[in-house]
Amino acid sequence: MANRCTPKVLSRMNKQKPLIWINNLVLFGTLAVTVTVVPWYLYSHSVGWGVWLAALLLWAWSGLSITAGYHRLWAHRAWQAHPALQWLLAIGGAMAMQNTILHWCSDHRTHHKHVDNNDRDPYSAGNGFWYSHIGWLLRDHGISDADTKNVRDLHKNPIVQFQHRHYLLLAGATNLGLPLALGWLAGDLWGGLLIAGFLRVVLVHHGTFFINSLAHIWGSQPYSDAHSSRDNGLLALLTFGEGYHNFHHSFEYDYRNGVRWWQFDPTKWLIQLAYQLRLASGLRRTPQERIEKARLTMQLRRSQLQFDGQQHAAELLARLEQEYEQLAVRLQAYYQQKQRLLQANKRRLDRSAKQQLRELKQALELQRQQWLQLRQQLHAMA
Ligand SMILES: [Zn+2]
Ligand SMILES: [Zn+2]
């Protein structure tokens with residue numbers, strides 16, 4: 001990571017920046033109550049299932065509103081939502097207490113545009129864990145665009161505008177009023193406030209913050225190492241699927257983060273469900289060929305980085321490079337044929353294309369096997 005600041009430099013830098021009191025109060029106030037009063041309350045009271053259920057519901061509502069709404073819908077426009085669903089996500093987003101849609105999306109678009117640039121990325125991981133996790137929120141570093149000029153498209157959205165104008169009211173009602181009301185219904189007013197209010201909001205806060213910090217530090221880079229983002233399945237469990245951050249930074253307009261079927265991405269599943277219910281449309285996907293090509297290119301790059309200049313591995317490395325070229329050709333041939341078949345099916349014309357596709361798929365699989373064996377052979381030399 002370039003431009004890494006030492007803690008000393010960072011603290012000197014921070015001293016010159018004015019504190020944002022409201023952020024400090026909210027972030028540390030909720031955290032302080034959660035690590036002191038909540039454990040005491042759990043120890044001294046028996047909290048019933050009604051309160052836990054309320055907390056779970058509000059956690060999922062507010063968390064998914066950030067991931068499906070703030071992030072994938074509004075910041076990236078990776079899908080479109082029916083106004084009824086947008087209202088749910090806008091209110092749930094206020095409950096997550098991470099500022100308005102306009103400010104959040106403005107910062108996030110800047111993050112993608114200038115990722116890892118310590119002077120222009122609002123939560124650049126190059127400034128260290130603390131800064132990218134929470135430090136950037138505590139002081140005014142002058143990086144965030146106060147005019148939110150990079151979200152002009154969102155300025156035209158009446159739901160986004162309403163949330164922006166009435167944010168404090170919405171955040172107050174959903175973080176105090178709603179947990180108290182649900183606690184009262186469950187027969188435990190204060191339990192509702194402490195568990196479904198304080199504990200829940202702290203979990204949602206730090207879940208999101210981990211994506212800015214840990215998901216740029218800890219994990220694998222299967223798609224690109226041009227940025228610091230990482231894929232991390234463990235983080236995906238805590239963040240409704242946002243842990244596959246290397247894929248996301250590589251293909252930011254894709255509505256999926258966990259692109260493989262077995263990857264845990266409840267945000268993707270929610271958007272797919274909304275699509276089935278006709279509440280979502282325009283789901284954007286990166287062509288599979290590009291995804292696979294990126295994965296292969298990274299595999300080749302890793303082998304090259306590891307064995308470049310090593311005489312004993314030179315021959316195998318050269319063969320791997322040739323194999324990569326052939327595999328790329330097969331990949332392209334297969335996906336082009338698949339595309340042709342899709343179009344032909346629409347016109348109800350084609351008959352032999354299916355057979356051709358089967359043959360291309362077999363050839364591709366064979367080439368993949370060769371690629372894998374060759375890589376194993378090469379890496380066995382390490
Ligand atoms: Zn993003
Ligand atoms: Zn990121």
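Here, each number is a calculation from the coordinates, and none is a lab measurement. Note that the structure is a prediction, hence the values are computed from the model and not measured. Every residue, glycine as well, gets a Cβ built from its backbone with ideal geometry; the counts of neighbours run over all protein chains shown.
Data for the structure
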| read-out | value |
| --- | --- |
| C-alpha long axis of helix 83-95 to longest principal axis of the chain, angle in ° | 60 |
| Degrees between helix 21-44 axis and first principal axis of the chain (Cα, 0 to 90, nearest 10) | 80 |
| Long pairs among 293/361; 338/361; 113/268, criterion Cα-Cα beyond 18 Å | 113/268 |
| Between the range 206-260 and the range 296-373, the alpha-carbon center distance in angstrom | 26 |
| Proximal aspartates and glutamates to residue 156, defined as alpha-carbon separation beneath 16 angstrom and excluding residues fewer than eight positions away on the same chain | 147 |
| Under 17 Å from the Cα of residue 17 - aspartates and glutamates, other chains or at least 8 residues apart | 119, 121, 140, 145 |
| Rounded to 10°, Cα long-axis angle of helix 353-379 versus longest principal axis of the chain | 80 |
| Mean projection area, nm², convex hull over Cα of the range 265-309 | 4.3 |
| Counted charge near residue 208, where neighbours are those whose Cβ lies closer than 12 Å (Asp, Glu -1; Lys, Arg +1) | -2 |
| Relative contact order, percent, the chain [alpha-carbon distance under 8 Å, six or more residues apart] | 17 |
| Among 167, 255, 335, residue whose mean-square fluctuation peaks in a GNM of the chain (springs only between Cα atoms under 10 Å) | 335 |
| Mean Cβ count within 10 Å, highest first, over the residues of peptides 57-64, 374-381 | 57-64, 374-381 |
| 16 Å reach of a label modelled at residue 262, 7 Å along Cα-to-Cβ, counting backbone N of the range 209-232 | 232 |
| Inter-label distance for residue 325 and residue 185, nm, one decimal - labels placed 7 Å from Cα along Cα-to-Cβ | 6.6 |
| The range 7-281: radius of gyration over Cα atoms, expressed as a fraction of 2.2 N^0.38 Å | 0.99 |
| Gyration tensor (Cα) of the range 234-382, equivalent ellipsoid semi-axes in angstrom | 33, 25, 11 |
| Between the range 33-91 and the range 97-135, the alpha-carbon center distance in angstrom | 22 |
| Environment charge at residue 223 (Cβ cut-off 13 Å; Lys +1, Arg +1, Asp -1, Glu -1) | +3 |
| Ratio Rg/Rh [Cα only; Rh per Kirkwood] for the range 81-224 | 1.02 |
